[in-house]
Every structure is written in structure tokens, then in C-alpha cells.
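S.K.: Shown below is the structure under consideration.
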Amino acid sequence: MILSPFLFVVSALALPTAFSFQATTLSAQQTAAFLKMNPDKSALSFGSDPRSDDVVSASSRHPHCDLPGDPSLVLTTNVDLGGDKPEILKKLSALVASSLGKPESYVAISITDKVSMCFGGSVDPLALGCLYSIGSINVENNGKVQNGVTDALEPYGVQANRIYINFFDVPRPNVGWNRATFGG
């Protein structure tokens with residue numbers, strides 16, 4: 001038997017069939033979490049390749065394959081956040097979790113402050129960031145994160161037009177945690 005890594009999205013009309021066929025792959029709670037994080041998808045079915053009759057069983061997949069993944073926000077700024085940094089980290093962790101619809105227990109935030117940086121030929125206060133996530137990267141969610149980061153940094157003199165954040169939707173096999181990847 002050839003194990004297939006393919007992932008297929010099925011239409012809402014096929015949801016009852018797909019769900020009952022793959023009932024051992026995703027619990028109702030996991031399916032609900034996926035649909036909340038991916039409202040543009042109707043349902044998710046793992047492991048079936050339409051070119052074959054083989055189906056990957058739940059026991060042959062790593063348990064990480066069904067977890068929501070690890071959103072990570074990495075920020076660098078040239079301002080001194082001082083003793084407020086722990087509170088900013090917590091605020092941004094909650095922001096990323098709520099904006100992306102992910103459990104906060106999976107969110108990682110890193111802020112490096114007091115860095116030599118230049119933007120537009122000026123060393124005035126600025127921040128650069130990257131947000132990596134398995135899914136949930138879209139215009140609406142990205143805007144929530146951009147606004148929240150701006151709200152967190154403006155009190156330190158970083159203006160909205162001097163904050164760049166790049167958003168990356170990372171494939172599951174390219175995110176590692178706990179000695180495995182989220183792809184299996």
C-alpha cells in the first residue's frame with residue numbers, strides 16, 4: 001500500500017460522507033476548530049488520494065498532523081521597550097491567538113528591542129516583523145495583527161507608517177515541534 005500525503009477539501013454537500021468516512025481521523029472538536037480557523041473551507045479530509053483506493057489510517061499519521069499549528073510572531077525594533085517588554089509579549093500573544101483563531105498555548109512571540117535599524121534612510125523609531133502560521137493568514141486576520149502590533153508599539157514612538165510585518169502561510173511539513181513536524 002502506498003501512503004499518500006495528499007490533503008483534500010470537500011464541498012459542504014459532501015461533508016456528511018467525508019466526515020463519516022474519515023471519522024477516526026478528525027474529532028468533531030478538531031473539525032470545528034479547523035472550520036473556525038478556515039471559514040472559506042467546508043470540510044477537511046486527510047489521507048485519501050483520488051488516484052488510488054488506499055487510505056492512510058489515523059494510526060499511521062503522527063498526532064501533530066491534526067493540531068492547529070504554531071503561529072509565531074518575530075518582531076525587531078530599534079526602540080527600548082524597557083521593563084514593559086513582558087507585558088507587551090503577553091499582549092501580543094493574546095492578539096495573535098484571537099486574530100488567527102488559534103489556541104494561545106500554540107502561540108510564540110519574540111521581540112528584540114534596541115536594535116540598530118534603518119528604514120527609508122532614517123533611524124527614527126521603527127519595527128519589522130514576520131508572522132508565520134499554518135493557515136489563518138488572510139487579509140482580515142493580517143489587518144487585525146497589524147493594527148494590534150501598531151497599538152502596542154505606538155506608545156514607544158513607533159508610528160504606524162514605520163511598522164512592516166510580513167505574513168507567511170507555512171505548509172504543515174515545514175513547521176516543527178516536539179521532535180516532529182505538523183505534517184507527520
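S.K.: Can you find a residue in the range 82-89 that is in contact with a strand residue (DSSP E or B) (Cβ under 9 Å, 6 or more places away or on another chain) and closer than 30 Å to residue 183 by Cα? Explain how you work it out, then say what you get.
M.R.: First pass over the range 82-89, keeping only residues in contact with a strand residue (DSSP E or B) (Cβ under 9 Å, 6 or more places away or on another chain): 85, 88-89.
Keeping just the survivors that are closer than 30 Å to residue 183 by Cα gives 89.
Yes: one or more hits.
S.K.: Quick one: residue 137 ticks every box in (1) of a type outside the set (D, E, K, R); (2) surrounded by 13 or more Cβ atoms within 10 Å (Cβ to Cβ); (3) over 16 Å from residue 106 (Cβ atoms); (4) modelled with pLDDT of 95 or more bar one, so which box is it?
M.R.: The one condition residue 137 does not meet is (3).
S.K.: Checking residue 68 against (1) at pLDDT 95 or above; (2) not in a helix (DSSP H, G or I), which test does it fail?
M.R.: All conditions are met except number (1).
S.K.: Additional query: Out of the residues in the range 158-183 meeting the condition of being open to solvent by less than 80 Å² (accessible area, probe 1.4 Å) and touching an Asp or Glu at 6+ places or on another chain (Cβ under 8 Å), tell me which one is nearest to residue 65 (Cα to Cα).
M.R.: It comes out as 182.
S.K.: Within the range 90-109, track down each residue that is open to solvent by less than 50 Å² (accessible area, probe 1.4 Å) and either touching a helix residue (DSSP H, G or I) at 6+ places or on another chain (Cβ under 6 Å) or closer than 19 Å to residue 163 by Cβ (or both).
M.R.: 92, 93, 94, 95, 96, 97, 99, 100, 101, 107, 109
S.K.: Scan the range 161-184 and report the pairs whose first residue is over 21 Å from residue 142 (Cβ atoms) and whose second residue is hydroxyl-bearing (Ser, Thr, Tyr), with Cβ atoms within less than 9 Å and a gap of 6+ or a chain change.
M.R.: From residues that are over 21 Å from residue 142 (Cβ atoms), the pairs are 173/181; 177/106; 184/60.
S.K.: Do we find that residue 115 is buried (at least 16 other Cβ atoms within 10 Å of the Cβ) and either touching a Ser or Thr at 6+ places or on another chain (Cβ under 8 Å) or touching a residue at least 60 places away in the same chain (Cβ under 8 Å) (or both) in this structure? Break it down into steps so the answer makes sense when it comes.
M.R.: Values: buried (at least 16 other Cβ atoms within 10 Å of the Cβ): no; either touching a Ser or Thr at 6+ places or on another chain (Cβ under 8 Å) or touching a residue at least 60 places away in the same chain (Cβ under 8 Å) (or both): yes.
No; evaluated as a whole, the condition is false for this residue.
The values are calculated or read from the model by the stated rules, or taken from the named source; none is laboratory data. Remember, it's a predicted structure, so these values are computed and weren't measured experimentally. Neighbour counts run over all protein chains shown; Cβ positions are idealised from the backbone, glycine included. Side chains included, ligands, DNA and RNA excluded: accessible areas come from the protein's heavy atoms. Shrake-Rupley method; radii C 1.70, N 1.55, O 1.52, S 1.80 Å.
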